[in-house]
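Take a look at the structure set out below.
Each value in this text was obtained by applying a stated rule to the coordinates, not by laboratory testing. Everything numeric here is computed off the predicted structure, so don't read it as measured data. Glycine also receives a Cβ, built like all others from the backbone with ideal geometry; neighbour counts cover every protein chain displayed.
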Amino acid sequence: MSRELLLYTRPGCTLCEDLLAAARPVIHRHGVGVRKVNIDRDPDLRDRYGHDIPVLMLDDDRGCREVCRHHLDVEALEHALAGE
């Protein structure tokens, strides 16, 4: 199963860095990669999320779906990475 976490962010977003730091133990335990996506580089993402970041997405064989937004939801991340 191919999977990757996407963190929708922009330069200087401290909430984004806080979410990523809090998620690192769970990410490490599940052995999944994280790719930061600067929403300012994609007009569609910028229009969709604006200042409504961070957004953590899981992209896997079932598609790309939101795990949590603004703050880390550890339970939601654990469930998503466990395939639930």
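Of the listed values (i) 8.5; (ii) 5.1; (iii) 6.1, identify the label whose number matches mean projected area of the Cα convex hull in nm² calculated from this model.
(ii)
Find the cysteines in the chain that fail to meet the 4.7 Å Cβ criterion with every other cysteine, and list them.
C64, C68
Per-residue HN-Hα couplings for segment 27-33, Karplus 6.51 cos²θ - 1.76 cosθ + 1.60 at θ = phi - 60°, whole Hz, x for Gly and Pro?
4, 4, 4, 8, x, 10, x
For the chain, what is the percent of antiparallel DSSP beta bridges, rounded to the nearest 5?
Numbers: 11 of 17 bridges.
Taking every DSSP beta bridge within the chain, about 65 percent pair in antiparallel fashion.
How do the peptides 23-30, 4-11 rank, highest first, by the average count of neighbouring beta carbon atoms within 10 Å per residue?
Working: 23-30: 13.5, 4-11: 18.4.
By packing density, highest mean first, the sequence is 4-11, 23-30.
Can you show me the helix-derived [θ] at 222 nm for the chain, built from DSSP H runs with n ≥ 4 at -39,500 (n - 2.57) apiece and divided by the number of residues, rounded to the nearest 500.
Values: 3 runs with 32 residues, N = 84.
Taking each H run of at least 4 residues, the total per residue is -11500 deg cm²/dmol.
What distance in nm separates the simple spin-label points at A22 and R62, each placed 7 Å from Cα in the Cβ direction?
Each label point is offset 7 Å from its Cα along the Cβ direction, giving 2.3 nm.
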